[in-house]
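Novice: A single structure is presented below for examination.
Since every read-out is calculated from the coordinates, none of them should be taken as a lab result. These numbers were taken from a predicted model, which means no experiment stands behind them. Note that each Cβ is placed from the backbone with ideal geometry, even for glycine, and that neighbours are counted across all protein chains shown.
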Amino acid sequence: MSTIPPATIPSAPRSPWRYLGDCDVLHAAVVALFAIVASGGLVWLGYLLHVWRVAARSPVAPPRPMAVLVFGRRLHGDLPGPDYRQRLGRAFALARARLASSLLLLGGHGGGRLSEAAAGYAWLRQQGLPGELPVQLEQDSVDSLENLRHARALLPSDAAGLRPPVALLTSRYHLARCLSLARRLGFDGLPVAAEEALVLDRRYVGLLLVEATYLMWIDLGVRWARLIGHRRMAQRIS
């Protein structure tokens, strides 16, 4: 049975660019830039290799039925765009193959009438998503970190507070960052790719470069914060 929270529209669209006014985020950016310069770019190259490896090697299905977290993407006129449709299509295929014990669609409002999660759910219903499959919508996030923080509160846990393994379903270029964030937040996550295989065209290479930069920014920032004992900065991803 689906569990669909009521959709609400924020009074003003939120943007991830708001983080540029955050001193901790800027601190992490300076650390990442210093690492790039000091290593002659080798540190960034290492992150790029990791992002490519996860993108290339991730499976398209979990080994057994599990809860599937589907990461949203900015909508095109309240409709899922090409990348998001690929993610939703994979989720639909997993549901049909009974490899999704439940779906949690992630994504808030980007300025339109619908949230990414609500638009994704509408698309899945149009495709004939099995009505008995449990579905939840997380509609309050603006980026991947918030996606996972809110998902953590929605997923069930046992008496010891432990949550079962989950499948993290997103585009191949996005998998490494989502997997890293999920593990830092305490998830036992398995990456699942939306695309059948990694195809390196000009657009996709650009996306991999951007993701390597994001991942380096986050990872080095957290490592530096722990090294210098900057508790507030380290707790930004926890």
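Novice: If you bin the C-alpha pair distances of region 80-195 every 10 Å from 0, what whole percents do you get?
Specialist: It works out to 13, 48, 34, 4, 0, in whole percents.
Novice: What is the antiparallel percent of DSSP beta bridges lying wholly in the chain, to the nearest 5?
Specialist: Values: 1 of 21 bridges.
That works out to approximately 5 percent antiparallel.
Novice: Hey, got a sec? Which trypsin sites (Lys or Arg not before Pro) in region 26-114 land in a DSSP loop and have at most 11 other Cβ atoms within 10 Å?
Specialist: Values: sites: Arg53, Arg57, Arg73, Arg74, Arg85, Arg87, Arg90, Arg96, Arg98, Arg113; in loops: Arg73, Arg74, Arg98, Arg113.
Passing sites in region 26-114 are Arg98.
Novice: Specify the longest stretch of the chain that does not include any exposed loop site, a site being one of the GluC sites (Glu not before Pro) with a non-H, G, I, E, B DSSP assignment and at most 15 other Cβ atoms within 10 Å. Show your work: numbers first, answer last.
Specialist: On the way: sites that count: Glu132, Glu196.
Between the exposed loop sites, the longest stretch runs 1-131.
Novice: Still on this structure: Based on DSSP, what percent of beta bridges with both residues in region 44-153 are antiparallel, to the nearest 5?
Specialist: Working: 1 of 11 bridges.
If we restrict to bridges inside region 44-153, about 10 percent are antiparallel.
Novice: What does the C-alpha gyration tensor say about the overall shape of the chain? Classify as rounded when a/c is under 1.5, otherwise prolate if a/b is larger than b/c, or oblate. Spell out each step's value before the answer.
Specialist: Values: a/c = 1.58, a/b = 1.47, b/c = 1.08.
Judged from the Cα gyration tensor, the chain comes out prolate (a/c at least 1.5, a/b above b/c).
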